[in-house]
Amino acid sequence: MTRTSARSRSTVRAIALGALVLGLAAGCGADSGSDEAPAVEGPGASEQEDAGTADDDTASAGASDEGAASDDGATSDDGGEAPAAGAATLPEDADLATEQLPITAEKAVEIGLGAAGGGELVQIEIDHDDDVWEWELEIVDGGRQHDLDIDATSGEVTEHDQDDDDDQDPAVDVTSPMPYAEAIEIALGQEQGRVSGWDLSSDDGRIRYTIDIDRSGGDDVEVEVDVETGEVRVDD
């Protein structure tokens, strides 16, 4: 009886010691896990990561689209491409020796012949009148005279009168045998100043340019240049 009791007490102590060891081991495992939270694995975590990435991509795309829209808006606000610098209206005191009108003499002749339905140019003049630079053309077609005013900035035909022609003046050409730029250069070699206008026409069968020059002293002078001979005459 005594031997059996001793064996039972020994067995109980062994069980208790084993339980203590297991308890200590469990406590150590819990402490070591408290330093760093375990990573969450599984489908939920993957979906959250993908959603975050998608949000970032959407934000970047939105910013890019907004920038493109802003650029497009700047273009549309201007109503398309900016006009050419040469299309600006020249001031009244412009020097035609150094500045070019938006509608050149050649273009004005083309517009005038189109409006008249053909014919020959017998006179052309450029000057500043009624706050605008204006070409004045005389075109003859089959005994019919066309007097046209053309806005030198827009090219608009602002006046077109017709009448019978009995003068039979010779045709003139702003490019041959003497271009108007050459006639202006010759005139300035004779008289210095600002070229405020010019005219190409005929007188007694002789074709000549008349260049209007404003001298620095305030007075003006006309310099005539014969297109055939280059002869110069100054008319004060």
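Bear in mind these aren't lab numbers, they're just calculated from the coordinates by the rules spelled out. Model, not experiment: these values are computed from the prediction. Positions of Cβ are generated from backbone atoms using ideal geometry, with glycine treated the same way; all protein chains shown enter the neighbour counts.
Considering the options GLY205, VAL109, TYR180, tell which one lies farthest towards the positive end of the dipole of the range 106-236, charges being +1 on Lys and Arg and -1 on Asp and Glu at the Cβ, about the Cα centre. Value computed over the given set: TYR180. Note on the range 130-229: with charges restricted to the Cβ of Lys and Arg (+1) and Asp and Glu (-1), its dipole about the Cα centre is near 640 debye.
Straightening the chain between GLU185 and THR98 buys 30.3 nm, computed as 0.36 nm per residue apart minus the Cα-Cα spacing. Restricted to Cα atoms, the range 94-236 shows a radius of gyration and a Dmax of 14.9, 46 angstrom. GLY189 sits among other residues whose Cβ lies under 14 Å from its own Cβ, and their net charge, with Lys and Arg +1 and Asp and Glu -1, is -4. Reducing the range 113-142 and the range 160-236 to their Cα centroids gives an inter-centroid distance of 15 Å.
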